[in-house]
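One structure below.
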Amino acid sequence: MLDACGAASAEELFSHLPDCVRLARPLDLAPGISEYEIVRYFRERAEECAGGYASFLGAGVYNHFRPVLVDTVVARGEFLTSYTPYQAEISQGTLTTIFEFQTMICQLTGMDVANASMYDGSTAVPEAAMMAVRATGKGRVVIARSVHPEYREVLATYAKHQGMPVAEFGYDAETGAVDLDDLERTIDDLTAAVIIQTPNFFGIVEQVKAAAEIAHRRGALLVVVFTEAVSLGILEPPADADIVAGELQSFAISPSYGGPYAGIIATKEKLIRQVPGRLVGQTTDSRGHRAFCLTLATREQHIRREKATSNICTNQALIALMATVFMTVYGKQGMRELAEQNLAKAHYLAGKLKPRFTGKFFNEFVVRAPEAANKTLLKKRIVGGLPLGRFYPELADCQLLCATEMSTRSDMDTVAEVLA
């Protein structure tokens, strides 16, 4: 390569760079080690950090059981190494699983159409907001403070460079649900979208119908967000929403230090042309057999980015496949039973404590607890809840606790004893 460039050495190749921006020493990196040493190192660190610990952390990433079948399917080479399914004639396997994924998401959310997946829940939220702006011709977005704080941060980053004003409205200090009166005061005729989350960041189930009425009265679209997908197994689908954006990490996707995950956007049929990312549709092949292909998206979406409807031109196909296998394994009845287990365990734990809010909750709730309590729990090999002062100064004396089907009665009793 140096010969082709007409350079005698790598040094000469970079000689045009001024000395002040060049590193005159080797990088400060440890020497290379063998594969078995790397594996041993990470196993030791995992044992230190997570091995044998019970976790009561939630807040957007949940500790659920992962059926063995999930990895068995996604590890197959046809899925693990497949590329973008542009050529339908050689991509029917991938396209079929995406079509099934879209169908199941529509059934869970009560929407007419779902896309092939987003990067994660946090990036699905600004995509839904921009979708509403395109659909309504208005430019302003209002979002509840009870939406996941990091989702709101991602929305603010997108909005800054889109020139899209974002305003926040509060939550009720007693129930923990959105303050509908504050929403009435915040929304105006220039608002394109109202964004709420259910169950919200505090675990409280929101008043979707009431929020929808307020939004629609002012000509805005309602975007409903979820972070705990298991709740969809027992809660009424948010069919009053115009757009549903969410995170599927709960569906057999490992916490993995924060990703990769799979987000979704689902919506009503009238907004189908505004959906970001990919859609897979059903068609027939040259022999009249059922087949699948990418549909309703122009090539500009993928190659002429300045004309695209969205910043996302791909989808999390492999991660979405994990969620598809999970939904298939559990089925409708299994999903409901799983949700009921989560509900029962969280309410068992809450019954031994005093939740900060009075609103109905699913598998997360807020309690008053000193941050030092988590240090005591760690000594008992239990990871406690999330201290909320970092995101909500007014809740500095509180933490968010989550109980799932993985929580045992003895661990819950220990948490209750320490926090009480």
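The values are calculated or read from the model by the stated rules, or taken from the named source; none is laboratory data. Only a predicted model underlies this, so the values are computations on that prediction, with no experimental measurement involved. No Cβ is skipped: glycine too gets one built from the backbone with ideal geometry, and neighbour counts run over all protein chains shown. Accessible surface is based on the protein model in full, side chains and every heavy atom, while ligands, DNA and RNA are left aside. Shrake-Rupley method; radii C 1.70, N 1.55, O 1.52, S 1.80 Å.
Of the residues that sit in the range 195-236 and are touching a residue at least 40 places away in the same chain (Cβ under 8 Å) and in contact with a His (Cβ under 9 Å, 6 or more places away or on another chain), which one is nearest to E337 (Cα to Cα)?
V230
Please work out which one of (1) touching a helix residue (DSSP H, G or I) at 6+ places or on another chain (Cβ under 7 Å); (2) free of Cβ contacts under 8 Å to residues at least 60 places away in the same chain; (3) not polar (S, T, N, Q); (4) not in a strand (DSSP E or B) is the condition Y257 fails and give its number.
For Y257, the exception is condition (1).
Residues in the range 201-215: is at least one open to solvent by 10 Å² or more (accessible area, probe 1.4 Å), within 27 Å of M335 (Cβ to Cβ), in contact with a Phe, Trp or Tyr (Cβ under 9 Å, 6 or more places away or on another chain) and outside any strand (DSSP E or B)?
Yes, the conditions are met somewhere in the range 201-215.
If we keep just the residues of the range 6-30 that are within 37 Å of the chain's Cα centre (by Cα) and open to solvent by 100 Å² or more (accessible area, probe 1.4 Å), which is farthest from T376 (Cα to Cα)?
Residues of the range 6-30 within 37 Å of the chain's Cα centre (by Cα): 27-30.
From what's left, open to solvent by 100 Å² or more (accessible area, probe 1.4 Å): 27-29.
Values: L27: 40, D28: 37, L29: 36 Å.
Among residues in the range 6-30 that are within 37 Å of the chain's Cα centre (by Cα) and open to solvent by 100 Å² or more (accessible area, probe 1.4 Å), the one farthest from T376 (Cα to Cα) is L27.
I'm trying to understand the selection: among the residues of the range 110-120, which are surrounded by 22 or more Cβ atoms within 10 Å (Cβ to Cβ) and not in a loop (DSSP other than H, G, I, E, B)?
Matches in the range 110-120: A114, M118.
Assuming I33 fulfils every condition listed in (1) in contact (Cβ under 8 Å) with a residue 60 or more places away in the chain; (2) in a loop (DSSP other than H, G, I, E, B); (3) touching a Phe, Trp or Tyr at 6+ places or on another chain (Cβ under 9 Å) apart from one, which condition is it?
Looking at each condition in turn, I33 falls short on (1).
Restricting attention to the range 126-146, report how many residues are polar (S, T, N, Q) and within 26 Å of G203 (Cα to Cα). Before you say what the answer is, go through the steps one by one.
We begin by selecting, within the range 126-146, every residue polar (S, T, N, Q); these are 136, 146.
Now narrow it down to the ones that are within 26 Å of G203 (Cα to Cα): 146.
Residues in the range 126-146 being polar (S, T, N, Q) and within 26 Å of G203 (Cα to Cα): 1 in total.
Which one is nearest to L235 (Cα to Cα), of the residues in the range 362-389 that are free of Cβ contacts under 8 Å to residues at least 60 places away in the same chain and part of a loop (DSSP other than H, G, I, E, B)?
Only one residue tops the list, namely L388.
Which residue, of I319, I312, is assigned to a helix (DSSP H, G or I) and touching a residue at least 12 places away in the same chain (Cβ under 8 Å)?
Just a single option satisfies the conditions, and that option is I319.
What is the residue count in the range 237-251 for residues that are open to solvent by 20 Å² or more (accessible area, probe 1.4 Å) and in contact (Cβ under 8 Å) with a residue 60 or more places away in the chain? Don't jump to the end; show me each part of the working.
First pass over the range 237-251, keeping only residues open to solvent by 20 Å² or more (accessible area, probe 1.4 Å): 237, 239-240.
Remaining after also requiring in contact (Cβ under 8 Å) with a residue 60 or more places away in the chain: 237, 239.
Qualifying residue count for the region: 2.
Could you check T81 against (1) surrounded by 14 or more Cβ atoms within 10 Å (Cβ to Cβ); (2) over 30 Å from A239 (Cβ atoms); (3) free of Cβ contacts under 8 Å to residues at least 40 places away in the same chain and say which number it fails?
(1)
What's the total number of residues in the range 1-54 that are under 30 Å from G384 (Cα atoms) and not aromatic (F, W, Y)?
Just the residues of the range 1-54 that are under 30 Å from G384 (Cα atoms), to begin with: 38-54.
Next, only the ones that are not aromatic (F, W, Y) stay: 38-40, 43-52, 54.
Residues meeting the conditions: 14.
For residues that are part of a loop (DSSP other than H, G, I, E, B) and open to solvent by 40 Å² or more (accessible area, probe 1.4 Å), tally how many sit in the range 121-148. Give the derivation first.
Our first condition is that a residue be part of a loop (DSSP other than H, G, I, E, B); within the range 121-148, this holds for 137-139, 145-148.
If we keep only those that are open to solvent by 40 Å² or more (accessible area, probe 1.4 Å) as well, we get 137-138, 145.
Residues meeting the conditions: 3.
Scan the range 390-418 for residues that are farther than 24 Å from R66 by Cα, assigned to a helix (DSSP H, G or I) and of a type in the set (D, E) and jot them down.
Selection gives E394, D413, E417.
Quick one: in the range 260-279, which of the residues that are in contact (Cβ under 8 Å) with a residue 12 or more places away in the chain and part of a helix (DSSP H, G or I) is least open to solvent (accessible area, probe 1.4 Å)?
Step one: of the range 260-279, the residues in contact (Cβ under 8 Å) with a residue 12 or more places away in the chain are 260-269, 271-279.
Cutting the leftovers down to part of a helix (DSSP H, G or I) gives us 269, 271-274.
Working: E269: 126, L271: 16, I272: 41, R273: 161, Q274: 47 Å².
Filtering the range 260-279 for residues that are in contact (Cβ under 8 Å) with a residue 12 or more places away in the chain and part of a helix (DSSP H, G or I), the one least open to solvent (accessible area, probe 1.4 Å) comes out as L271.
Go through the range 237-283 and give me each residue that's under 12 Å from V223 (Cβ atoms) and of a type in the set (G, A, S).
A241, A245, G246, A266 - these are the residues of the range 237-283 that are under 12 Å from V223 (Cβ atoms) and of a type in the set (G, A, S).
Listed residues A54, A75; which is loosely packed, with under 11 Cβ neighbours inside 10 Å and under 23 Å from the mean Cα position of the chain (by Cα)? Steps first, answer last, please.
On the way: A54 fails: loosely packed, with under 11 Cβ neighbours inside 10 Å.
One residue alone meets the criteria, A75.
Report yes if A192 is under 25 Å from G58 (Cα atoms) and either in contact with an Asp or Glu (Cβ under 8 Å, 6 or more places away or on another chain) or small (G, A, S) (or both), otherwise no.
No.
Going through the range 338-359 one residue at a time, which ones are surrounded by fewer than 15 Cβ atoms within 10 Å (Cβ to Cβ) and within 17 Å of I234 (Cα to Cα)?
E340, A344
Might you let me know whether the range 89-98 holds any residue that is open to solvent by 70 Å² or more (accessible area, probe 1.4 Å), of a type in the set (S, T, N, Q) and more than 19 Å from the chain's Cα centre (by Cα)?
Going through the range 89-98, the residues open to solvent by 70 Å² or more (accessible area, probe 1.4 Å) turn out to be 89-90.
Among the residues that remain, those that are also of a type in the set (S, T, N, Q) are: none.
So far as the range 89-98 goes, no, none of its residues is open to solvent by 70 Å² or more (accessible area, probe 1.4 Å), of a type in the set (S, T, N, Q) and more than 19 Å from the chain's Cα centre (by Cα).
Select from the range 100-157 the residues that are among the aliphatic types (A, V, I, L, M) and within 20 Å of I253 (Cβ to Cβ) and list them in ascending order. Explain how you work it out, then say what you get.
Keep residues of the range 100-157 that are among the aliphatic types (A, V, I, L, M), which gives 104-105, 108, 111, 113-114, 116, 118, 124-125, 128-133, 135, 141-144, 147, 154-156.
If the condition is that a residue be among the aliphatic types (A, V, I, L, M) and within 20 Å of I253 (Cβ to Cβ), then M104, I105, L108, A114, A116, M118, A124, V125, V154 are the ones that fit.
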